[in-house]
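Engineer: The structure is given below, and queries will be raised subsequently.
The values are calculated or read from the model by the stated rules, or taken from the named source; none is laboratory data. What you see is a predicted model; the values in this text were computed from it and never measured. Here Cβ is always computed from backbone atoms with ideal geometry, including for glycine, and neighbour counts include all displayed protein chains.
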Amino acid sequence: MARDGASPKGAEMAAGLAVRALHATAERRAGADHPALYGPGDNPWTDQIARELRDAIADMLDPDHARCHAVAAHWRFPTMLRDSPVLAASHPLYDIAWRIYAEDGAALLAQTLIAECPWRGGWRSLSGAADRLAQGRADVKLLCAMDNPARAVGEMTLAEACAFRIAAFAPPGDDVMLAFYGQAGSWRETAGFSIFTYVTGRDRIDAVEMQI
């Protein structure tokens, strides 16, 4: 697969749009429910993040963009998706994937973001999702969960364990984001995502926008 657009700048753009989608989803749904209420494969939070990401990509596109952008996800109600210059693709290999194709669809040019969203299931679910992300190729790899990133997993925090699990198989230099959702009055004071960034091969993770 040609790595068109795979660069630090591309990763920064993808990470920024992912943060925007996470923030919008938390604002929309925080007062109604939480992601751990639902089973895998049909989760309205995962669906909403994919919708918000699709809208954010569409907002950033130039009117005369020549390439075809697609977001593949497990759409819960695909007939209700709004029209967009960004294709709403089905049958995703990951829970969410943002891909870029040649204008005629003849070639996959880039996979900008892949996301796995094991909202519940603890370390067993998260470690499996981390392994899947480690094997993927994308500018940004995003792992979402409803859990406390500071809780202990052996001698590491959960956030560190997820990051280093991805790094154990992925090549050095891959950009990773970890997003942990918490309700108000849990390990967070207010409902929302705590987000961390990590580059495989490094020995530390960085917290960003702890309250969004």
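Engineer: Which ones in segment 41-55 are polar (S, T, N, Q) and over 11 Å from the mean Cα position of the chain (by Cα)? Walk me through it before giving the result.
Structural biologist: Let us first name the residues in segment 41-55 that are polar (S, T, N, Q), namely 43, 46, 48.
Residues satisfying the conditions are ASN43, GLN48.
Engineer: Taking segment 129-174, which residues are within 23 Å of ASP47 (Cα to Cα), of a type in the set (D, E, K, R) and touching a residue at least 40 places away in the same chain (Cβ under 8 Å)?
Structural biologist: ARG137, ASP139
Engineer: If you don't mind, there's one more thing I want to ask. Which residue, of VAL140, VAL176, VAL153, is farther than 24 Å from VAL19 by Cβ and out of contact with any Gly (no Cβ under 8 Å at 6 or more places or on another chain)?
Structural biologist: Working: VAL140 fails: farther than 24 Å from VAL19 by Cβ; VAL176 fails: farther than 24 Å from VAL19 by Cβ.
When all the criteria are applied, what remains is VAL153.
Engineer: How many of the residues making up segment 1-50 are crowded, with 18+ Cβ neighbours inside 10 Å, modelled with pLDDT under 95 and touching a Lys or Arg at 6+ places or on another chain (Cβ under 7 Å)?
Structural biologist: 0
Engineer: Condition first: more than 17 Å from the chain's Cα centre (by Cα) and of a type in the set (S, T, N, Q). Can you find one or more residues in segment 147-163 that meet it?
Structural biologist: Checked segment 147-163: at least one residue is more than 17 Å from the chain's Cα centre (by Cα) and of a type in the set (S, T, N, Q).
Engineer: If you don't mind, there's one more thing I want to ask. If you check every pair at least six apart or on different chains, which have Cβ atoms under 7 Å apart with a residue in segment 94-122 that is among the basic types (Lys, Arg) first and a residue that is at pLDDT 95 or above and in a loop (DSSP other than H, G, I, E, B) second?
Structural biologist: ARG120/MET146
Engineer: Taking the condition touching a Leu at 6+ places or on another chain (Cβ under 9 Å), closer than 19 Å to GLY10 by Cβ and modelled with pLDDT of 95 or more, does ALA170 pass? Spell out how you get there, then give the answer.
Structural biologist: Working: touching a Leu at 6+ places or on another chain (Cβ under 9 Å): yes; closer than 19 Å to GLY10 by Cβ: yes; modelled with pLDDT of 95 or more: yes.
Yes, satisfied.
Engineer: Here is a follow-up. So which residues in segment 84-109 are over 20 Å from ASN43 (Cβ atoms) and touching a Phe, Trp or Tyr at 6+ places or on another chain (Cβ under 9 Å)?
Structural biologist: If the condition is that a residue be over 20 Å from ASN43 (Cβ atoms) and touching a Phe, Trp or Tyr at 6+ places or on another chain (Cβ under 9 Å), then VAL86, LEU87, ALA107, LEU108, LEU109 are the ones that fit.
Engineer: Exactly one of these conditions fails for ILE114: (1) closer than 19 Å to LYS9 by Cα; (2) at pLDDT below 95. Give me its number.
Structural biologist: Against the list (1) closer than 19 Å to LYS9 by Cα; (2) at pLDDT below 95, ILE114 comes up short only on (2).
Engineer: Give the residue that is nearest to ALA32 (Cα to Cα), with candidates limited to residues of segment 164-174 that are under 17 Å from the mean Cα position of the chain (by Cα) and part of a loop (DSSP other than H, G, I, E, B).
Structural biologist: ASP174
Engineer: Which residues, counting only those in segment 110-148, are part of a loop (DSSP other than H, G, I, E, B), over 15 Å from ALA36 (Cβ atoms) and in contact with a Phe, Trp or Tyr (Cβ under 7 Å, 6 or more places away or on another chain)?
Structural biologist: Across segment 110-148, the qualifying residue is only GLY136.
Engineer: Which condition from (1) of a type outside the set (Lys, Arg); (2) surrounded by 23 or more Cβ atoms within 10 Å (Cβ to Cβ); (3) more than 22 Å from GLN111 (Cα to Cα) is the one that LEU53 breaks?
Structural biologist: (3)
Engineer: Out of all the residues in segment 175-201, which are free of Cβ contacts under 8 Å to residues at least 24 places away in the same chain, part of a loop (DSSP other than H, G, I, E, B) and on the phi < 0 side of the Ramachandran plot?
Structural biologist: Across segment 175-201, the qualifying residues are GLU189, THR190.
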